[in-house]
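J.: If you scroll down you'll find the structure; I have some questions about it.
The values are calculated or read from the model by the stated rules, or taken from the named source; none is laboratory data. A quick note: this is a predicted structure, and the numbers were derived from the prediction, not measured. Glycine gets a Cβ as well: all are built from the backbone with ideal geometry, and neighbour counts include every protein chain shown.
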Amino acid sequence: MYFKTNIYYLLFIALFSAYTSIAQINGKIVDERNVPLEYATAALFNKNNNTLIAGVISNEDGVFKFEGVKKGTYYLEASFLGYEKTRIDAIVVNSKGAQVDLATIKLVLGTQLNEVIVKAERNTVVNKIDRQVFEASKFKNAQGGTGVDVVRNLPSVTMDSQGEISVRGSTGFMVLLNGKPIQGNASNLIAQLPANAIQKVELITAPSSKYDPEGKAGIINILTNRGAANGAFGQVNIKGGLPSIETYGNAISHKRHGIDATYNVRTDTWNISLGANYQRNDLGGRREGDVFTIIDDTKTQFPSTGERSFDETNYSGRFTVDFTPSSVNTYSFGFFAGKRSKARLADIVYFDNHAVSPADSNNRLYTFQYFNHNLRERKGDFVLGSLDWTHSFKNESELSASLLYEYTLLGGPTVNQNLGEPDRSILYQDEFNTNDNPLHGVRFQLDYKFKPFEFGVLETGYQYRDLSHTGDFVYERRTDFNDEFQLVPEFSSEVDLERTIHSGYLQLSGKKGKWEYAAGSRLEVMDRSFRLKDKTNTIDETLIYDFVKLYPSASLQFEVDEKTKIKAAYSKRVERNSTFKMNPFAEREHSETLEQGDKNLRPEFIDLVELGVTKDLKGGNSIFATGYFRHVENVVNRVNTVYNDTILNRIYSNVGNAKAVGLEIGAEIKPTKSWSNFIGANIYNYSIDGSFDNRTIDTDATIYSVNLNSTWRFWDNASLQFTFNYLSDRNTAQGEDSRFYSPNLTLQKSYMNDRLTATLQWQNIDLGLLDTNEQRITTFRQNEFFTTTNYIYEVDMIILNLSYTFKKGSNKSKFIDSEFGKKEF
């Protein structure tokens, strides 16, 4: 160990030979539990005349540093809001090259908090070397909603008509919850979290190697509300939606209501959190489509129109206990269980189904119309448990361990009925397919953080992950209501996935003068076994896919002056495939579409480079810009082939390589004390170069998005906020998705000394004048098929949210969430 430390020491002395002789005073500020206090203030005074020499704030590790200190005697005052000020006397700097280490300074909670009221407005975004940190409370349009309503306001984050979240144009990103990795589907995970429980969101586009390398667009880290004071905290949020203004002729009225509650009690030794959440978020809508296929010079066309709506219900309960028996040990236990359901109803009339031959003629072979009732429901019952331990050593090093287990029962039937029109008592085809796919996931992680030399902190760790996902898919059909359902073997199967990952990382991070840096690498060993079996026992095969991969990363930031910083970063990433995208047995999505995966699907491997600058301006204004380049190997796209003359087969497949070259910009502008604006925009060129089914894919387009947030505070306890989210046309491997936008208006006022907050939201403003919440998706293949569908979803939705805090202590709740199952949900 000592030999390795000396080698490291000599190596980094050579790399950073500029580490020289200026005098320094440094230390670390923590609370009573030895938890680092970020943004604590350290003020250095001349001992002889009590004049202030300099003031600095601590970083996220509680560390502060004064550089270039002259010879003399000083004293230091350390302070943080809510804590007693601590003074360190007799600090002597006796030479130019002196290194004075004040070690750890512990602050004690104050007892006179009720005597002083400090009001200050936080910036919407804080830029750090590896991330952007956004204050969730700034996005008032999210109050009473879910995490989706928060993150859609971030620069480079967009959401389309299907509710799919993208970061810099990619749906592949990883989610952390309070810094812990979650392997679930990102959009579904974020939709499970109440917006009221979120304090900050961190966007990490070029993550370091201490994080899992998953997610080609990086990481979204969601930080739940946390406090510092002992005592109790309780809050209840109630949401209710007014009846739909635009019903689109949907058969059932849509419901939007919910309630979530949090109770947290904390002492010096215990921190106990309870949480419960219920949300009903229905969305009305309709679709208009036109599809044709060409087989043997016969063109079959089937235009359609009808309802396409969603009914979504989520409810869950959470329980977390933190036990701190001493200042050096903390234990945590978490339990999370619940149910979720999302049903998509498509009642579609195919009003002019016909075939012509030859394909370019008007010679109709037949004409008829029919009605399709399609109900696809996805359910998930889940139970999660976690156990964590952290130990702090006297030399400021830290050892932590975490164990998580998850069981999720995924499933849900799809009903697909083709009926006569207008006589719907006629049955052409009645299909029913269901599945049971239980999932078991285990993750164990061990991390060690220490500082063997002055100029940097070393972090190292090991992680083990195991995923077992089994599926039983049954597809049945009948052609008469009086008949029994019969098994359809070609669409019925058993699918078993086993995936084990071992990984370890080493990373150095630190700060020297105006330079801040981090570099490291992660080594990963993955073993994947994928078994496929049909119901007739004619197919029974196991596919093995193993690899060893190195994921390096590096980031560098230079402080030009107090207000200007320049940074550069590189990160290598991976986007793993879900079981659904690898299942080669087709599933009936709706009347005109089958959907299936590719058993030989390979992960996407990503190289990302970015260069950025941030500038703080007067009056709390700021701007930032980041240029980036992303290369994706084995890019996965959803592509179509013709199954028969009225059905397309939708397949997930590796179609080649993709490149994105873009610029992300953002600004916080405060023209007056009462009016603040935050705007973010992303523009990039996206290209795909590859092939599918022996056809070349060569597509290229420039895509952009804009997120605007403007807030006018007309009283101390009342504000009006307008938000606007816009996504331009986007190219895909076989077509294009049209633009998509949504304006929203939010009025918020607090009462009863800020205990009660009322938020009135007008979502998806349209007024019959715009094309809000509407998107057309088009795909085609020359001389084979063409499909275009316009998805029109509910507009002018009015929602009221009431939030009441019945205990005024600080909230330190923190909960676990799904590691595996939400990726498959």
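J.: Which ones in the range 243-276 are in contact with a Lys or Arg (Cβ under 8 Å, 6 or more places away or on another chain) and under 23 Å from Trp762 (Cα atoms)?
T.: Tyr248, Gly249, Asn250, Lys255, Arg256, His257, Gly258, Ile259
J.: Please find, among Ser244, Ser253, the residue that is of a type in the set (Ser, Thr, Tyr), in a loop (DSSP other than H, G, I, E, B), surrounded by fewer than 20 Cβ atoms within 10 Å (Cβ to Cβ) and in contact with a Gly (Cβ under 9 Å, 6 or more places away or on another chain).
T.: Ser253
J.: Every residue in the range 536-551 that is under 30 Å from Gly520 (Cβ atoms) and surrounded by 14 or more Cβ atoms within 10 Å (Cβ to Cβ), please.
T.: Tyr545, Lys549, Tyr551
Each row is one residue, and each column tells you yes or no for (1) surrounded by 15 or more Cβ atoms within 10 Å (Cβ to Cβ); (2) basic (Lys, Arg); (3) at pLDDT 75 or above; (4) part of a helix (DSSP H, G or I).
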residue: Tyr9; (1), (2), (3), (4): no, no, no, yes
residue: Ala18; (1), (2), (3), (4): no, no, no, no
residue: Ile22; (1), (2), (3), (4): no, no, no, no
residue: Glu38; (1), (2), (3), (4): no, no, yes, no
residue: Phe45; (1), (2), (3), (4): yes, no, yes, no
residue: Val56; (1), (2), (3), (4): yes, no, yes, no
residue: Phe66; (1), (2), (3), (4): yes, no, yes, no
residue: Val69; (1), (2), (3), (4): yes, no, yes, no
residue: Thr73; (1), (2), (3), (4): no, no, yes, no
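J.: (1) of a type in the set (D, E, K, R); (2) surrounded by fewer than 16 Cβ atoms within 10 Å (Cβ to Cβ); (3) within 30 Å of Thr579 (Cα to Cα): which one isn't true of Glu377, the others all being true?
T.: (2)
J.: Considering only the range 391-473, give the strands (runs of 3 or more DSSP E) lying wholly within it that have at least 1 residues that are of a type in the set (Asp, Glu) and under 28 Å from Thr500 (Cβ atoms).
T.: Values: elements: 398-411, 414-420, 427-453.
Where strands (runs of 3 or more DSSP E) fall fully within the range 391-473 and carry at least 1 residues being of a type in the set (Asp, Glu) and under 28 Å from Thr500 (Cβ atoms), they are 398-411, 427-453.
J.: Then there's this: Could you list, in sequence order, all residues of the range 244-275 that are over 30 Å from Asn329 (Cβ atoms) and aliphatic (A, V, I, L, M)?
T.: Across the range 244-275, the qualifying residues are Ile245, Ala251, Ile252, Ile259, Ala261.
J.: Only residues in the range 738-767 that are modelled with pLDDT under 90 count as the first member; pair them with residues that are outside any strand (DSSP E or B) and exposed (fewer than 15 other Cβ atoms within 10 Å of the Cβ), Cβ under 6 angstrom, at least 6 apart or cross-chain, and list the lot.
T.: Going by the 6 Å Cβ cut-off, the qualifying pairs are Ser750/Asn717.
J.: Considering only the range 420-439, I want to know if a residue exists there that is free of Cβ contacts under 8 Å to residues at least 40 places away in the same chain, farther than 30 Å from Phe371 by Cβ and under 25 Å from the mean Cα position of the chain (by Cα).
T.: yes
Yes/no per residue for (1) in the same structural domain as Ala569 (by TED's automatic domain parsing); (2) over 30 Å from Pro671 (Cα atoms); (3) modelled with pLDDT under 95; (4) surrounded by 17 or more Cβ atoms within 10 Å (Cβ to Cβ):
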position: Thr593; (1), (2), (3), (4): yes, yes, yes, yes
position: Lys599; (1), (2), (3), (4): yes, yes, yes, no
position: Ile606; (1), (2), (3), (4): yes, yes, yes, yes
position: Gly612; (1), (2), (3), (4): yes, no, yes, yes
position: Leu617; (1), (2), (3), (4): yes, no, yes, no
position: Ile623; (1), (2), (3), (4): yes, no, yes, no
position: Phe629; (1), (2), (3), (4): yes, yes, no, no
position: Val636; (1), (2), (3), (4): yes, yes, yes, yes
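J.: On to the next question. Of Tyr428, Tyr464, Tyr475, which residue is among the hydroxyl-bearing types (Ser, Thr, Tyr) and in contact with a helix residue (DSSP H, G or I) (Cβ under 6 Å, 6 or more places away or on another chain)?
T.: On inspection, the qualifying residue turns out to be Tyr475.
J.: Any residue at all in the range 579-587 that is more than 26 Å from the chain's Cα centre (by Cα), in a strand (DSSP E or B) and more than 30 Å from Ala355 (Cβ to Cβ)?
T.: Checked against the condition, which is being more than 26 Å from the chain's Cα centre (by Cα), in a strand (DSSP E or B) and more than 30 Å from Ala355 (Cβ to Cβ), the range 579-587 yields no hits at all.
J.: Report, by residue number, each residue of the range 257-295 that is in contact (Cβ under 8 Å) with a residue 40 or more places away in the chain and either small (Gly, Ala, Ser) or not assigned by TED's automatic domain parsing to the domain that holds Asn353 (or both).
T.: Passing the criteria: Gly258, Ser273, Gly275, Ala276, Gly284, Gly285, Gly289.
J.: Just the residues that are over 30 Å from Val63 (Cα atoms) and either surrounded by 15 or more Cβ atoms within 10 Å (Cβ to Cβ) or small (Gly, Ala, Ser) (or both), please, taken from the range 490-513.
T.: Those that are over 30 Å from Val63 (Cα atoms) and either surrounded by 15 or more Cβ atoms within 10 Å (Cβ to Cβ) or small (Gly, Ala, Ser) (or both): Phe491, Ser492, Ser493, Glu494, Val495, Asp496, Leu497, Glu498, Arg499, Thr500, Ile501, His502.
J.: Within the range 83-91, does at least one residue satisfy the condition of being more than 28 Å from Pro325 (Cβ to Cβ), modelled with pLDDT of 85 or more, surrounded by 13 or more Cβ atoms within 10 Å (Cβ to Cβ) and not charged (D, E, K, R)?
T.: Looking for residues that are more than 28 Å from Pro325 (Cβ to Cβ), modelled with pLDDT of 85 or more, surrounded by 13 or more Cβ atoms within 10 Å (Cβ to Cβ) and not charged (D, E, K, R), one finds at least one in the range 83-91, hence yes.
J.: Additional query: Out of Val613, Val661, Val635, which single residue is within 27 Å of Glu589 (Cα to Cα) and in contact (Cβ under 8 Å) with a residue 12 or more places away in the chain?
T.: Going through Val613, Val661, Val635 in turn, just one is within 27 Å of Glu589 (Cα to Cα) and in contact (Cβ under 8 Å) with a residue 12 or more places away in the chain: Val635.
J.: Filter the range 778-800 for residues that are more than 28 Å from the chain's Cα centre (by Cα) and not acidic (Asp, Glu) and give the result.
T.: If the condition is that a residue be more than 28 Å from the chain's Cα centre (by Cα) and not acidic (Asp, Glu), then Phe780, Arg781, Gln782, Asn783, Phe785, Phe786, Thr787, Thr788 are the ones that fit.
J.: Related question: Would you check if there is a residue in the range 676-697 being crowded, with 21+ Cβ neighbours inside 10 Å, in the same structural domain as Gln748 (by TED's automatic domain parsing), in a strand (DSSP E or B) and of a type in the set (Asp, Glu)?
T.: no
J.: Of all residues in the range 256-285, which are surrounded by fewer than 18 Cβ atoms within 10 Å (Cβ to Cβ) and at pLDDT below 85?
T.: Answer for the range 256-285, where residues must be surrounded by fewer than 18 Cβ atoms within 10 Å (Cβ to Cβ) and at pLDDT below 85: Thr267, Asp268.
J.: Additional query: Mind telling me which of the residues Leu523, Leu532, Leu556, Leu543 ends up being outside the structural domain of Gln445 (by TED's automatic domain parsing) and either of a type outside the set (Lys, Arg) or at negative phi (or both)?
T.: Exactly one of Leu523, Leu532, Leu556, Leu543 is outside the structural domain of Gln445 (by TED's automatic domain parsing) and either of a type outside the set (Lys, Arg) or at negative phi (or both), namely Leu523.
J.: Which one of these is over 30 Å from Ile252 (Cα atoms) and touching a Pro at 6+ places or on another chain (Cβ under 9 Å): Gly275, Gly334, Gly289?
T.: Of the residues listed, the single one that is over 30 Å from Ile252 (Cα atoms) and touching a Pro at 6+ places or on another chain (Cβ under 9 Å) is Gly275.
J.: Hey, another quick one. Go through Ala261, Ala276, Ala346 for me and flag whichever is assigned to a strand (DSSP E or B) and under 30 Å from Phe780 (Cα atoms).
T.: Ala346
J.: Farther than 28 Å from Leu800 by Cβ and either out of contact with any strand residue (DSSP E or B) (no Cβ under 8 Å at 6 or more places or on another chain) or among the small types (Gly, Ala, Ser) (or both): which single residue out of Ser687, Ser676, Ser710 fits that description?
T.: Values: Ser676 fails: farther than 28 Å from Leu800 by Cβ; Ser710 fails: farther than 28 Å from Leu800 by Cβ.
The match here is Ser687.
J.: Could you give me the residue pairs with C-beta distances under 8 Å whose first residue belongs to the range 296-324 and is crowded, with 17+ Cβ neighbours inside 10 Å, whose second residue is small (Gly, Ala, Ser) and not in a strand (DSSP E or B) wherever it lies, and which are 6+ apart or on separate chains?
T.: Short answer, once both residue conditions are applied: Lys299/Ser357; Lys299/Ala359; Glu307/Gly249; Glu307/Ala251; Ser309/Gly284; Asn314/Ala191; Thr320/Ser813.
Listed here are the residues, each with its yes/no results for (1) under 30 Å from Asp290 (Cα atoms); (2) in contact (Cβ under 8 Å) with a residue 12 or more places away in the chain; (3) not hydroxyl-bearing (Ser, Thr, Tyr).
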| site | (1), (2), (3) |
| --- | --- |
| Ser493 | no, yes, no |
| Arg499 | no, yes, yes |
| Leu508 | no, yes, yes |
| Lys535 | no, yes, yes |
| Leu556 | no, yes, yes |
| Asp561 | no, no, yes |
| Ala568 | no, yes, yes |
